[in-house]
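**Q** Right, I'll just put the structure down here and ask away after.
The values are calculated or read from the model by the stated rules, or taken from the named source; none is laboratory data. None of the values given here were measured: they were computed from a predicted structure. Neighbour counts are summed over all protein chains in view; Cβ atoms, including those assigned to glycine, are modelled from backbone coordinates with ideal geometry.
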Amino acid sequence: MSAKALLVPALLIILGSGLGACNKEKATKAEITVLDTAGAAVAGAYVKLYANPSNPLQADFSRLTMEGTTSSDGKVIFDYSDFYKRGQAGFAVLDILAKKDSLSGDGIIRIEEEQTNEETVVIAVGN
């Protein structure tokens, strides 16, 4: 067998394995920033993301619930990569609850697949 006959299949295998790597799934994340009414970052704030569907009997969305605490820059990141399936149209719209001591706030974030989705929540007294 000639060297050329062995080279062609080897190149096809190498190219084929490289093409699969190009379609690697990107991370699906939600980054929440919590600020006070003065616009300062709030460290140590509790943040919860959860689904609040209008018809809860359709499916169990509790698996999407995530909780965390903001870092010194007022941010917390939730990773939803394991929940996204390639080819899925859209991902989720989640409610946000943020609170620290007597301050609280809420919001909504739309999670788009394969990107970092950002939302800011302002917390205040009696909010």
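**Q** Does GLU119 fit the bill of being modelled with pLDDT of 95 or more and within 13 Å of the chain's Cα centre (by Cα)? Give the steps one after another, and end with the answer.
**A** On the way: modelled with pLDDT of 95 or more: yes; within 13 Å of the chain's Cα centre (by Cα): yes.
For GLU119, the condition - modelled with pLDDT of 95 or more and within 13 Å of the chain's Cα centre (by Cα) - is met.
**Q** Output the qualifying pairs, or none if there are none: Cβ atoms under 6 angstrom, residues six or more apart or on different chains, first residue in the range 110-122 and within 12 Å of ASP95 (Cβ to Cβ) and of a type in the set (Asp, Glu), second residue surrounded by fewer than 19 Cβ atoms within 10 Å (Cβ to Cβ) and modelled with pLDDT of 90 or more.
**A** Final answer for the pair search is GLU119/GLY107.
**Q** Looking at ALA45, is it modelled with pLDDT of 95 or more, closer than 30 Å to ALA124 by Cβ and loosely packed, with under 10 Cβ neighbours inside 10 Å? Show your work before the answer.
**A** Working: modelled with pLDDT of 95 or more: yes; closer than 30 Å to ALA124 by Cβ: yes; loosely packed, with under 10 Cβ neighbours inside 10 Å: no.
In short, no.
**Q** Can you name the residue in the range 93-116 that is closer than 11 Å to THR28 by Cα and buried (at least 17 other Cβ atoms within 10 Å of the Cβ) and is also modelled with the lowest pLDDT among such residues?
**A** Of the range 93-116, the ones closer than 11 Å to THR28 by Cα are 111-116.
Filter once more, so that each one left must be buried (at least 17 other Cβ atoms within 10 Å of the Cβ): 111, 113.
Working: ILE111: 90, GLU113: 87.
For the range 93-116, the residue satisfying everything is GLU113.
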